[in-house]
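No value in this document is a laboratory result; all are computed from the given coordinates. Just so it is clear, the structure is predicted and the values come from calculations on it, not from any experiment. In this analysis, Cβ positions are derived from the backbone assuming ideal geometry, glycine residues included, and neighbour counts consider all displayed protein chains.
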Amino acid sequence: MTFMRPLALLTVLVLLFTLTACADEQPASDVPLPEEPPVPADTFAVVDAWAGVASEGGTTAGYFTIENGLARADTLQGVTANGMDRIEMHETYEREDGLRGMRPVEELVAPPGERVRFAPGGLHLMLINMERALAVGDSVEVTLSFAEHGAYPLTLPVRDR
Amino acid sequence: MRLLSVLAMACAVVLAGCGESYDSLSEETYPLTNYDSTAVTFPAAYEGEVLLVGYVYTQCPDICSVITANMRNIHDALEGDTEGVRFVTITFDPARDTPAQLARYAETFGLQDRRWDLLTGDADTIDALMQRMGVRRALAGEDAASFDGTFPEDEDYIIDHTDRMTLIDGQGRIRDYYMGSRMPAEMVAEDINHLRRERS
Ligand SMILES: [Cu+2]
């Protein structure tokens, strides 16, 4: 039965070739995020705010990062703004069937000592039916409302994605 | 002899996967409309061109914007050499995404001066094309299997959908699929260049 050995080896080689030759389903890159500095202590801030470009009557998204350096959690309970039909907190998520879905988020806890990121492909503000177009150089004023911190006015400069 | 047949099967897989039998759209006809309201027969209108196709709806400001921005990055990665390549965005929300709405979207994202078409069509054609391209859709939170290609009339719905781009060669053959929002731009640009070299 020793004559089977080279054949088995050949089979393995061919299978390997099969796998590498057709390995065209490249996965998303998993570049590790750079080490980030700790959340500044004893301060509560919302940073890195921006909004996407929009056409008049169009819908766009807003993003920011909550840095809660305080000793206790806070909860983002809502957002208000002028200049659009309405504004909502949303989340883009991967459904069990693999589809990318979007759903409203009623409130969001910002744990002590942590960052909460609103970023493309995840949590976002949904700015629905803008009264005027938004281009780079424009900005949008919104007010976040936190359970502990209260009203938090925020300017979202418009970025070209 | 069992190993020999395994070997034969493995060879068959190699040939089927990388050889002649690409899934081809060349015998199919989807009458669509570009954002400037001109008629486009997909994919015949693009014969001879390498196509990168993305699927969005314009009321989706988060993930769809990421897909369009990623396609724009791929366009940028070609460094101005877009000879023989066409970027195509097809909406799966034809009720709201009229040619005029797609024109606003093109302007917002700065796509008009590129080799880039934004296509819509009647609901049945779009539904058939999306099924053909494996782009599943569902009303927010609902089962994709129960979706029949029509949307509510309230103008205020959210569509959950497959996150996808498709690479099609000059003969209308599907050559690759990518995750639209996450596939690194440089890799897709390389694949486009590979198909362009193959063409010449
Ligand atoms: Cu949203």
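Determine whether B:D124 is assigned to a helix (DSSP H, G or I) and more than 13 Å from chain A (Cβ to nearest Cβ).
For B:D124, the condition - assigned to a helix (DSSP H, G or I) and more than 13 Å from chain A (Cβ to nearest Cβ) - is met.
Filter the range A:55-81 for residues that are more than 16 Å from the ligand (Cβ to nearest atom) and assigned to a strand (DSSP E or B); which is nearest to the other protein chains (Cβ to nearest Cβ)?
Filtering the range A:55-81 for residues that are more than 16 Å from the ligand (Cβ to nearest atom) and assigned to a strand (DSSP E or B), the one nearest to the other protein chains (Cβ to nearest Cβ) comes out as A:T65.
Does A:G122 fit the bill of being within 11 Å of the ligand (Cβ to nearest atom), within 15 Å of the chain's Cα centre (by Cα) and loosely packed, with under 15 Cβ neighbours inside 10 Å?
Yes, satisfied.
For the condition within 11 Å of the ligand (Cβ to nearest atom) and of a type in the set (A, V, I, L, M, F, W, C), what is the one hit in A:M89, A:M84, A:M130?
A:M89
Quick grid of which residues meet (1) at positive phi; (2) more than 10 Å from every other protein chain (Cβ to nearest Cβ); (3) touching a Cys at 6+ places or on another chain (Cβ under 6 Å); (4) not charged (D, E, K, R):
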| residue | (1), (2), (3), (4) |
| --- | --- |
| A:M89 | no, yes, no, yes |
| A:D97 | no, no, no, no |
| A:E106 | no, yes, no, no |
| A:S139 | no, yes, no, yes |
| A:F146 | no, yes, no, yes |
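State whether the residues of the range B:84-107 include one that is on the phi > 0 side of the Ramachandran plot and either surrounded by fewer than 23 Cβ atoms within 10 Å (Cβ to Cβ) or charged (D, E, K, R) (or both).
yes
Restricting the range B:158-175 to residues that are within 9 Å of chain A (Cβ to nearest Cβ) and buried (at least 20 other Cβ atoms within 10 Å of the Cβ), which is farthest from the ligand (Cβ to nearest atom)?
Ranking the qualifying residues of the range B:158-175, first place goes to B:T162.
Return yes or no: is B:Q59 at negative phi and within 12 Å of chain A (Cβ to nearest Cβ)?
yes
What is the number of the single condition among (1) within 8 Å of chain A (Cβ to nearest Cβ); (2) of a type in the set (A, V, I, L, M, F, W, C); (3) surrounded by 14 or more Cβ atoms within 10 Å (Cβ to Cβ) that B:A140 does not meet?
So B:A140 meets the others, but not (3).
So if I check each of B:E107, B:E142, which one is free of Cβ contacts under 8 Å to residues at least 24 places away in the same chain and assigned to a loop (DSSP other than H, G, I, E, B)?
B:E142
Take the residues in the range A:108-119 that are within 13 Å of the chain's Cα centre (by Cα) and within 16 Å of the ligand (Cβ to nearest atom); name whichever of them is farthest from the other protein chains (Cβ to nearest Cβ).
A:R117
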